[in-house]
1. Here are some conditions: (1) within 16 Å of the chain's Cα centre (by Cα); (2) among the aliphatic types (A, V, I, L, M); (3) modelled with pLDDT of 90 or more. Residue 31 meets all but one. Which one does it not meet?
2. Looking at this structure, is residue 126 at pLDDT 90 or above, of a type in the set (A, V, I, L, M), more than 23 Å from residue 227 (Cβ to Cβ) and surrounded by fewer than 20 Cβ atoms within 10 Å (Cβ to Cβ)?
3. Is it the case, given these coordinates, that residue 42 is at pLDDT 85 or above and not in a strand (DSSP E or B)?
4. For region 101-121: of the residues being crowded, with 22+ Cβ neighbours inside 10 Å and among the small types (Gly, Ala, Ser), which is nearest to the chain's Cα centre (by Cα)?
5. Residues in region 219-242 that are in contact with a Leu (Cβ under 6 Å, 6 or more places away or on another chain) and at pLDDT 75 or above: how many?
6. Under the condition of being crowded, with 17+ Cβ neighbours inside 10 Å and over 30 Å from residue 228 (Cα atoms), which residue from region 195-218 is modelled with the lowest pLDDT?
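The values are calculated or read from the model by the stated rules, or taken from the named source; none is laboratory data. As the structure is a computational prediction, the values presented were derived from the model and not from experiment. As a convention, Cβ positions derive from the backbone with ideal geometry for all residues, glycine included, and neighbour counts pool all protein chains shown.
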Amino acid sequence: MSFCGDSSTAELPLFQGEDGGAIPTSPLQLLFRPITNHTANLVAVESHYAHRKAPITWAFGAFFNNNLVGIITFGKPPSQHLCIGVCGRENQERVYELNRLWMNDICPKNSESRFIGWALRELSKIKPALIIVSYADTEQNHSGIVYRSTNWIYTGQTKPVLEYQVKGIKMHSKTVSNSVPQSTDKKSKKQMLEELYGDNFYMKERSKKHRFVYFCNPKDRMLLKWDVEQPKTNPCINQDSK
């Protein structure tokens, strides 16, 4: 799948990187520039493994011959608990999430890490005090290689969490939860969902995710509340898309 370039965005200089030249593209042929949130979400829904939109504040695209071959997006995490937990309540407004990363298979090796590095440098110019969180999903065999190679801090795996699901319907757990109104007769959320969806409603354990944090200002690393861990490497796991 390819999308034509967004004419409303100004082209930026070609990204200069190391030779990584797998045919048909090389790093020198990839062009990185801002794209609209709408375009990014169109690609995310069609091509990203989650197949759903994300809340986007900043979106960037990777182009080859004016065709969109990659996206990276950043937005405010939906969890206030997460925003507070990273670096404390006083820094919660600075916390954002890298919530979508996808690149076409035609892109050469190491394109994802180069794309992430470029986007982080751009964000550091826009908001130099940003604190960014991102996850690598173990269910997708993602280990976070692209984050380790771009100086993110590894803070271990997320804890197991049960999430709401509906058979035959592709919905995020939060969407399922919000599909019923607040109870007025002291019924639990689970009871109301069982009444609404019947036997199609079920709960499953969410896959664990590797969690990473990036500070646009390296001096802010001292603010981190989470424990820093040493990631375990697995040579059998491929470089991943967010």
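1. (1) is the only condition that residue 31 fails.
2. Working: at pLDDT 90 or above: yes; of a type in the set (A, V, I, L, M): yes; more than 23 Å from residue 227 (Cβ to Cβ): yes; surrounded by fewer than 20 Cβ atoms within 10 Å (Cβ to Cβ): yes.
For residue 126, the condition - at pLDDT 90 or above, of a type in the set (A, V, I, L, M), more than 23 Å from residue 227 (Cβ to Cβ) and surrounded by fewer than 20 Cβ atoms within 10 Å (Cβ to Cβ) - is met.
3. Values: at pLDDT 85 or above: yes; not in a strand (DSSP E or B): yes.
Yes.
4. It comes out as 119.
5. Residues of region 219-242 in contact with a Leu (Cβ under 6 Å, 6 or more places away or on another chain): 241-242.
Still in the running and at pLDDT 75 or above: none.
Result for region 219-242: 0.
6. Among those that are crowded, with 17+ Cβ neighbours inside 10 Å and over 30 Å from residue 228 (Cα atoms), it is 201.
Per-residue answers, yes or no, for (1) polar (S, T, N, Q); (2) touching a residue at least 40 places away in the same chain (Cβ under 8 Å); (3) not assigned by TED's automatic domain parsing to the domain that holds residue 40:
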residue	(1), (2), (3)
66	yes, yes, no
82	no, yes, no
99	yes, yes, no
105	no, no, no
109	no, yes, no
119	no, yes, no
